[in-house]
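The values are calculated or read from the model by the stated rules, or taken from the named source; none is laboratory data. Predicted model, so just to flag it, every value in this text is computed and none were measured. FYI the Cβ positions are ideal-geometry reconstructions off the backbone, even for glycines, and counts take in every protein chain you see.
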Amino acid sequence: MTEDNARYELILDPLDMWTVWDLTADQPAEFAGQLLMGLTEAEANDALRVMNELNLRRLAPGNGDTTMPPALEYREAGVVR
């Protein structure tokens, strides 16, 4: 994925914590009712990768029901336990 088609990006806050920013909604990204803010750099990079991948899968033609549920995919990526 190129940065040109990514929906999400990372922002470093003044306290050196990371936020996954939703460029479409112009606000912090949310997953499973939690804002993706106050993350370590490693957590933020993992979350960014997963969120952009989920967005690409959602937009893919013929997506159907072949992808795993987002919460499970997110957990498997190690972003949440």
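Laid out as a table, the results:
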| item | result |
| --- | --- |
| Some residue of region 26-39 being modelled with pLDDT under 95 and among the aliphatic types (A, V, I, L, M) | yes |
| Residue count, region 22-54 (criterion: in contact with a Ser or Thr (Cβ under 9 Å, 6 or more places away or on another chain) and not in a strand (DSSP E or B)) | 6 |
| Residue count for region 17-61, restricted to those that are aromatic (Phe, Trp, Tyr) and farther than 12 Å from residue 6 by Cα | 2 |
| Close pairs (6 angstrom Cβ cut-off, 6 or more residues apart or separate chains): among the acidic types (Asp, Glu) in region 31-56, buried (at least 18 other Cβ atoms within 10 Å of the Cβ) anywhere | 41/18; 46/79 |
